[in-house]
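Written below as C-alpha cells is the structure these notes are about.
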Amino acid sequence: ITPDAHSQMKSHNRATLFMALGVPLVVSRSPVYEELVVDGVTGFTFGSAEELAALSARLADRALVERVRAAAMARAGDYALERLLPLWRQVVGC
C-alpha cells in the first residue's frame, strides 16, 4: 500500500492465477493491475490501510463476490494456454 519500488513490482501472472481459480482478488491500486483488476468487477482494490479495512464489508456481500468471481474467471481466460499458444507459435514461426 505504499508507492515504493517493492510495491510497484507486482505480478500480473500471480493475479491471473488467483482469478482463474476463482479466488476473490484483493490488490493494492497500482498501474501494474489497472487493466486486469477493475474494482468491484474483476477484483477488489485499495489505496490505503483504511480502504483495505473497509473491504471486509464488501467481501461479506456474497452476491457481489460471486459476480466478481465469475467476471474474474472469464477475464483470466484471456490468458489461457489454448488462446496464447497459437499467438506464441506465430511469433516463433512454428
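The values are calculated or read from the model by the stated rules, or taken from the named source; none is laboratory data. A quick note: this is a predicted structure, and the numbers were derived from the prediction, not measured. Cβ sites come from the backbone with ideal geometry, for glycine too, and all protein chains shown count toward neighbours. Quick note on the areas: whole protein, heavy atoms, side chains included, nothing else; ligands and nucleic acids left out. Shrake-Rupley method; radii C 1.70, N 1.55, O 1.52, S 1.80 Å.
Here are some notes:
- Which of H12, V65, G77, positive extreme of dipole for the chain (C-beta unit charges): G77
- Mean-position separation - Cα centroids, the stretch 11-31 and the stretch 42-69, in angstrom: 13 Å
- Taking the average, over residues, of other Cβ atoms within 10 Å as the packing measure, peptides 62-71, 33-42 rank 33-42, 62-71 from highest down.
- Relative contact order (%) - criterion: Cα under 8 Å, at least six apart; region: the chain: 29 percent
- Computed lengthening from V23 to L55, 0.36 nm per intervening residue step minus Cα-Cα distance: 10.0 nm
- With all protein chains kept in place, the per residue accessible area of the chain amounts to 67 square angstrom at a probe of 1.4 angstrom.
- Label corresponding to log10 I(q)/I(0) by the Debye sum over Cα atoms at q = 0.13, 0.21, 0.22, 0.24 Å⁻¹ when calculated from the structure given, among (1) -0.54, -0.97, -1.03, -1.15; (2) -0.39, -1.09, -1.21, -1.47; (3) -0.49, -1.02, -1.09, -1.21: (3)
- When a 1.4 Å probe is rolled over the protein heavy atoms, the share of accessible surface on the chain that falls to carbon and sulfur comes to 62 percent.
- If the segment from R62 to S11 were pulled out straight at 0.36 nm per residue, it would be longer than the present Cα-Cα gap by 15.7 nm.
- Shape category assigned to the stretch 6-58 from the gyration tensor of Cα positions, a/c cut at 1.5: oblate
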